[in-house]
There are 6 protein chains.
Amino acid sequence: MRSNGRKSDELRPMNLSTHVNKYAEGSVYIEMGDTKVLITATVDEKVPPFLKGQGKGWVTAEYSMLPRATQSRNQREANRGKLSGRTMEIQRLIGRALRSVVNLHALGERTITLDCDVIQADGGTRTTSITGAFVALAIAVNKIAEQHKLAVFPITDYLASISVGIAGGQALLDLNYEEDSKAKVDMNLVMTGSGKFVEVQGTGEESPFSREELDQILELGEQGIRELIERQQEALGPIAAKIGSVNASTGV
Amino acid sequence: MRSNGRKSDELRPMNLSTHVNKYAEGSVYIEMGDTKVLITATVDEKVPPFLKGQGKGWVTAEYSMLPRATQSRNQREANRGKLSGRTMEIQRLIGRALRSVVNLHALGERTITLDCDVIQADGGTRTTSITGAFVALAIAVNKIAEQHKLAVFPITDYLASISVGIAGGQALLDLNYEEDSKAKVDMNLVMTGSGKFVEVQGTGEESPFSREELDQILELGEQGIRELIERQQEALGPIAAKIGSVNASTGV
Amino acid sequence: MRSNGRKSDELRPMNLSTHVNKYAEGSVYIEMGDTKVLITATVDEKVPPFLKGQGKGWVTAEYSMLPRATQSRNQREANRGKLSGRTMEIQRLIGRALRSVVNLHALGERTITLDCDVIQADGGTRTTSITGAFVALAIAVNKIAEQHKLAVFPITDYLASISVGIAGGQALLDLNYEEDSKAKVDMNLVMTGSGKFVEVQGTGEESPFSREELDQILELGEQGIRELIERQQEALGPIAAKIGSVNASTGV
Amino acid sequence: MRSNGRKSDELRPMNLSTHVNKYAEGSVYIEMGDTKVLITATVDEKVPPFLKGQGKGWVTAEYSMLPRATQSRNQREANRGKLSGRTMEIQRLIGRALRSVVNLHALGERTITLDCDVIQADGGTRTTSITGAFVALAIAVNKIAEQHKLAVFPITDYLASISVGIAGGQALLDLNYEEDSKAKVDMNLVMTGSGKFVEVQGTGEESPFSREELDQILELGEQGIRELIERQQEALGPIAAKIGSVNASTGV
Amino acid sequence: MRSNGRKSDELRPMNLSTHVNKYAEGSVYIEMGDTKVLITATVDEKVPPFLKGQGKGWVTAEYSMLPRATQSRNQREANRGKLSGRTMEIQRLIGRALRSVVNLHALGERTITLDCDVIQADGGTRTTSITGAFVALAIAVNKIAEQHKLAVFPITDYLASISVGIAGGQALLDLNYEEDSKAKVDMNLVMTGSGKFVEVQGTGEESPFSREELDQILELGEQGIRELIERQQEALGPIAAKIGSVNASTGV
Amino acid sequence: MRSNGRKSDELRPMNLSTHVNKYAEGSVYIEMGDTKVLITATVDEKVPPFLKGQGKGWVTAEYSMLPRATQSRNQREANRGKLSGRTMEIQRLIGRALRSVVNLHALGERTITLDCDVIQADGGTRTTSITGAFVALAIAVNKIAEQHKLAVFPITDYLASISVGIAGGQALLDLNYEEDSKAKVDMNLVMTGSGKFVEVQGTGEESPFSREELDQILELGEQGIRELIERQQEALGPIAAKIGSVNASTGV
């Protein structure tokens, strides 16, 4: 029995609202149980120096937690004067994952920055950020596509992320903080709408895991991702149909 | 005529919700028009080194804006590796203002940190932070008072803050961003429930102001503060009556 | 009775010497009692990036204390690797105050930096810095005006600053450190030669203050400022007459 | 055909020397093709603050590249004043991986720091660091075990790491830099001597990968790890037999 | 002919005033021509961690230049967030030089910090700092010696410093900035009252120098140092006689 | 008798290998006894901002020690977020010394960076770095000279460095760490192939030294430098003959 009465393959109650910020080109507020993340997508009509003049765009992410998003208060990284290794690792992951479903040439020379600010944390903040950031990104990209009459919609596929762990000898989907801290194995998966893997990040620091356990985890995760993508489609409304459509035909 | 149809002495629509964070000892979400601030109060059972062993507590504040709280995206201070002068000035102001209505001896050797995170900014983020932070502080102090059966309730008076400006030759209450950027004078006032001044911070960088203009500003501000304090009392419910009550009789 | 035998409305003995640095375009050494500040004005023939191409100049300030300016030694901010909030607040104040009496268009695309280095501190270092920096600025501006034959003298009015406090139930002008640390209210005023307010910064952290007390403070301050401006005029000699003169007629 | 004539499942020429530093408690110089890493293990008879008094030890790692380890020179992180996200991610990975095969209670209250300094980089620096660091760790732990007559040898299993990628439609073992930059998928595996997974980190930023491709990668990796562990055993000589032996019997 | 009419072996006009700061335990204002340095000695009744419990004291120095001490304004090191290599090199030199004539055991477990702040720079700031800092140190040490009735006066010998250069084929004593920037060789010497060398730092970046040139430099420097020490003795008055006296007899 | 049986004027066993890095334009691995330094020379086809457009090149150096190069582990400077004063002093010295034998005009607008990374330290790391860096520099310069068919070989003379100390009343050449920590005087000399001084840096913090002692030190150093330059010539092979040759005839 899971603490909140969930079944082993059951996601937490999920809420996904769009257009929650009056200035940003795309914005999402997402809740997975008690994990709450506010995400904005900002479009900048230029690219980082290393991409200049290549006719390609860029997608990047920043991640942060409010000091009291957690049980006990965390010092702000701005006060410590630097980002923690954990923060950098997470924001690199979010950016990399999102880029895997963006046709950067179709996007043109512009940068989209996804700011994922965790308002409250109860496990799965990085996976929730990715799932929500995909929606904010799609809204912002749609705005660009409409303004600039892009021939190809630059998002090639859906993308969502979920955690799976093994605790008490059983694989569990979408761990909350309490479950996560007891889990022997912790796996974060990022997958596309077509069922392919973008990131597989599993750690068995407490206890190495077997190939069989890995297989169980992957199956549970695949199912969770499918549910998340349905929810993203609902939230995106008419934009949903544009994703991957043109690219499928052109084979980009 | 003000852009949003307000009268010169009219506050923006205000929303003040409490208990919005599951971990913090006190929490408030406050909206003044399109300015939105999330505030948590964290209680720590120890004091900073400079206060150790004096039997007194401490109240301090931190202030931050999410990158896309504003029209164009701001770089995170954690990325720049240091706080801006503006941020430091604001968080020093919030802490100092709140301490003026706290009986630090009655609080005992504990620290309360008010985290004011601006979710969306449309002028008046520092004054909105102070008004909201007072409520979060009162909730957290009440929790301490009940747990530790404090003889004296450590909050001695109400406290709220508002901005007043002079624009188009007229004094205006509670400026939004558009009004603020056109104002010749910008004054932030922090006042107590008993109508005294805690902070008077007026700047006439664009155009110095006369004693008569200062008087007008002070009157408008005084009236705005009274309204804000009424709203704080509603939000605090039964805690409202405890503020200042014991101290009034003991003269602390 | 004040510790040094001063009356409540009496300034400390003041000394203001000019041309104390062989390299700077303007320089002042100012003593207000035991508070001693060395100020240089540096002219740079370019403006910060945010002002480029606007035909306007800029005036900015930096403030620092020597480690042993105070009773006990302070660690250098260069060693701590960052400026304190107090330093940033003060240097923002000095710059803002000075700009209020400079016609930045008349100055042209150049930056003047006022470096205020406190040699010895005994209260009122920020107000003394402003009073002295105005003189250093005027000397540097005069040099520019003569070299470039500016049609309009870019300084529109005099500017000085003083602190006023309430201690022992009485308003006191120009607090030294000992008085300042006992004062219940501490107000810093910046005013122009025409008697207008540029900055009003009053804090009653220890004890909120009433409207009547505020009025007393303002009157005492106004009188102190008038005396300071007379001393500035003496120090400036022939430059004194240029300030505000042309601008008064052109209505800038 | 691979650039250096290797078969798809063939490791690069490997060299592993021990005792290469006269001061360190354990040291290794490891070459995998043109990737060269110098590793020292330092024993410190205390633990980080968060572990104090728990009777447990700690194993941690630091990773750095010499400026000219790469094709073009990289700025030193000491000059930039902070570690890059990549460096932090790698050193967190190395530490976490090594801890998975250390019985921290058996180690006692001491910290072992593995410094992995990349002398020359040609792909696979993080996996090479882990493989080499395990050997340096075992030598240092053996020294502790002998000096303090530990009842249980604190290393519970072997540990090695390898990268596998998919390039040109084929899974390739142990990518060099040229292969890595062309690969569509890049997977780093950390496995134990008993064939379990400690870390599975796969990224398909360029092109998401299917479940079948993942399976191929895992098989190739498993085989590579077995070969690496044989080389570690040779390098460790008499220490090799101590690893995991006692723990196997006591079931720690 | 030197620019200011000096002979090749002639020091610049020198001024050395003591007791120029109302708080510091020792203070000196020294001018060598247009080079002006303010020096304070601060006594702290504890030692740095690495010396704790050894019964020895410590002498250290910090060095800084005001931004407009030089021809063109220098950015403050506090703003850049770190000390330059030049600053660190100079303050290490000053501290090391002063310690060479202090009997740290006789000083007892206390630290003396010499703050050397360059008010105006015209060459020779480091040597002028050492010469002045010695006097500030002696005054502070004398205060300690009197308060704590030390049996042995902890300063064992006089110490002064001067620069010598070779320009236009001729060795010149006490270079000003203009001479220094034209010199092919630049040597800073620190010597004791008994004519021994404490520091010999000569650089021929522009042009290596011969043994004969080195000998000329050393002779000129030796003579300059003797004159400087006479001036230190005058400035120290009755303290002068205590230096080295007891130690000479006890052979410390 | 010296700890390792050396005579007072005997260098430690020396090993100098070239071409040890596959990417760098010049590289050297040098051992002086147990001191081991890896040096790479990187050529960059541009110059620092302060040299732009002057038709001159630049030579600079960076110095670092691996954490366990020493008896006890040193924290990485990248982790502390800044370089120590010692590191900055050493890298300034290495750069300055090398530039003294480079004709920067003949080099053209390019920068050569010498990275000196100390793999193991046993005294004399800065002098060993200079001696080795000269060889790496010559190899890189030779590559430039051949590619760009430079008319004048830009290295004007040989350059090497050695330490000399006085311990037990005797001058000793090439101190190891143990000797260095006991020495009363520590002198680092940098000299050219034509026997001139480039740097003379002697410190008698523990005990000031006389003119006679200085003379002894200089003689011992001169002899050591001659031996080192012979070893550099052997290592450089055919490049050796190019150094200083053309310049001698053209009088550059």
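With an 8 Å cut-off on Cα pairs and a minimum separation of 6 or more residues, tell me the relative contact order of region C:141-252 in percent.
That works out to 31 percent.
Note the distances from E:Asn79 to each other copy's matching label point, with points 7 Å along the Cα-to-beta-carbon direction, in nm, sorted shortest first.
Here the equivalent label points are 2.2, 2.4, 2.4, 2.8, 3.4 nm apart from this one.
Near the amide H of F:Val59, under 5 Å away, which other amide H atoms are found, from residues 5 or more places off or on another chain, if H is placed in the peptide plane?
Residues meeting the criterion, in which the H sits 1.01 Å from N, are F:Ile112.
In whole Hz, what ³J(HN,Hα) sequence does region C:54-70 give by Karplus (6.51, -1.76, 1.60; θ = phi - 60°), x for Gly and Pro?
9, x, 10, x, 8, 10, 9, 9, 10, 9, 7, 10, 4, x, 9, 5, 10
Per DSSP H run of at least 4 residues, take -39500 (n - 2.57); add these up for the protein assembly as shown, divide by its residues and hand me the 222 nm value, nearest 500 deg cm²/dmol.
For the protein assembly as shown, the value works out to -10500 deg cm²/dmol.
Trypsin sites (Lys or Arg not before Pro), restricted to region E:90-186: which are DSSP loop and have at most 13 other Cβ atoms within 10 Å?
E:Lys149
Can you give me the C-alpha center-to-center distance between region A:24-53 and region E:27-80, rounded to a whole angstrom?
Centre-to-centre (Cα) distance: 48 Å.
Got the F:Arg211 label distances to the other copies yet, label 7 Å along Cα→Cβ, in nm, shortest first?
1.6, 7.7, 8.5, 8.5, 9.1
Taking the Cβ of E:Glu146 as the centre, find all other residues whose Cβ is under 12 Å away and add up their charges (Lys, Arg: +1; Asp, Glu: -1).
Result for the neighbourhood of E:Glu146: +2.
Once amide H atoms are built 1.01 Å from N in the peptide plane, which residues 5 or more positions from A:Ser27, or in another chain, come under 5 Å H to H?
HN-HN under 5 Å from A:Ser27: A:His19, A:Val20, A:Ala41.
What net charge is computed for the residues neighbouring B:Asn176, neighbours being all others with C-beta under 10 Å from the C-beta of B:Asn176, Lys and Arg scored +1, Asp and Glu -1?
-3
From Cα pairs below 8 angstrom and at least 6 apart in sequence, can you work out the relative contact order of chain E, rounded to a whole percent?
21 percent
If you plug each phi of region B:91-99 into the Karplus form 6.51 cos²θ - 1.76 cosθ + 1.60 with θ = phi - 60°, what whole-Hz ³J(HN,Hα) values come out, in order, with x for Gly and Pro?
6, 5, 4, 4, x, 4, 4, 5, 4
Would you tell me which residue of chain F has the beta carbon closest to the rotation axis bringing chain F onto chain C, and how many whole Å away it is?
Closest Cβ on chain F to the axis mapping it onto C, in Å: F:Gly81, 4.
Please work out the Cα convex hull volume for region B:170-252 and give it in Å³ per residue.
Output value, Cα hull per residue: 107 Å³.
Of the heavy-atom accessible surface of region F:147-233 (probe 1.4 angstrom), what whole percent is carbon and sulfur?
43 percent
In peptide C:203-212, how many Cβ atoms from other protein chains are near each Cβ within 10 Å, on average?
That average works out to 6.
Once the Cα atoms of region D:79-172 are picked out, what are the Rg and Dmax in Å?
Just the Cα atoms of region D:79-172 yield Rg and Dmax of 16.0, 53 Å.
Just counting partner chain Cβ atoms within 10 Å, what average do the residues of peptide D:93-100 show around their Cβ?
2
Using a probe radius of 1.4 Å on protein heavy atoms only, what is the accessible area buried between chains B and A, both sides summed, to the nearest 100 Å²?
Buried area between the two chains comes out at roughly 2800 Å².
Mind checking the alpha-carbon convex hull of the protein assembly as shown and giving the volume per residue in Å³?
214 Å³
Between E:Ser3 and the same site in the other copies, what are the distances in nm, shortest first, taking label points 7 Å from Cα along the C-beta direction?
Listed shortest first, these distances are 4.5, 4.9, 5.7, 5.7, 7.4 nm.
Using θ = phi - 60° and the Karplus curve 6.51 cos²θ - 1.76 cosθ + 1.60, what whole-Hz ³J(HN,Hα) does each residue of region F:195-209 get, with Gly and Pro shown as x?
Karplus values, whole Hz, x for Gly and Pro: x, 9, 8, 10, 9, 10, 10, x, 10, x, 4, 6, 6, x, 10.
Could you report the protein assembly as shown's accessible area per residue, 1.4 Å probe, as an integer in Å²?
38 Å²
Averaged over peptide B:214-222, how many Cβ atoms belonging to another chain are found within 10 Å of each residue's Cβ?
1
GluC sites (Glu not before Pro), restricted to region D:14-67: which are DSSP loop and have at most 11 other Cβ atoms within 10 Å?
D:Glu45
Would you work out the relative contact order for region D:1-138, in percent, from Cα pairs under 8 angstrom that are 6 or more residues apart?
35 percent.
Which angle between 0 and 90 degrees, to the nearest 10, do you get for helix C:211-236 versus the longest principal axis of chain C when only C-alpha atoms count?
Approximately 50 degrees, to the nearest 10.
Search the structure for amide H atoms under 5 Å from the amide H of A:Leu159, placed 1.01 Å from N in the peptide plane, and list their residues when 5 or more places away or on another chain.
When sequence neighbours closer than 5 places are left aside, the close amide H contacts are A:Gly193.
Around A:Val118, with a cut-off of 14 angstrom between Cβ atoms, what is the net charge of the other residues, counting Lys and Arg +1 and Asp and Glu -1?
-1
The values are calculated or read from the model by the stated rules, or taken from the named source; none is laboratory data. For clarity, every value in this text was computed on a predicted model and none was experimentally measured. Neighbour counts run over all protein chains shown; Cβ positions are idealised from the backbone, glycine included. Calculation scope for accessible area: heavy atoms of the full protein, side chains included, ligands and nucleic acids excluded. Shrake-Rupley method; radii C 1.70, N 1.55, O 1.52, S 1.80 Å.
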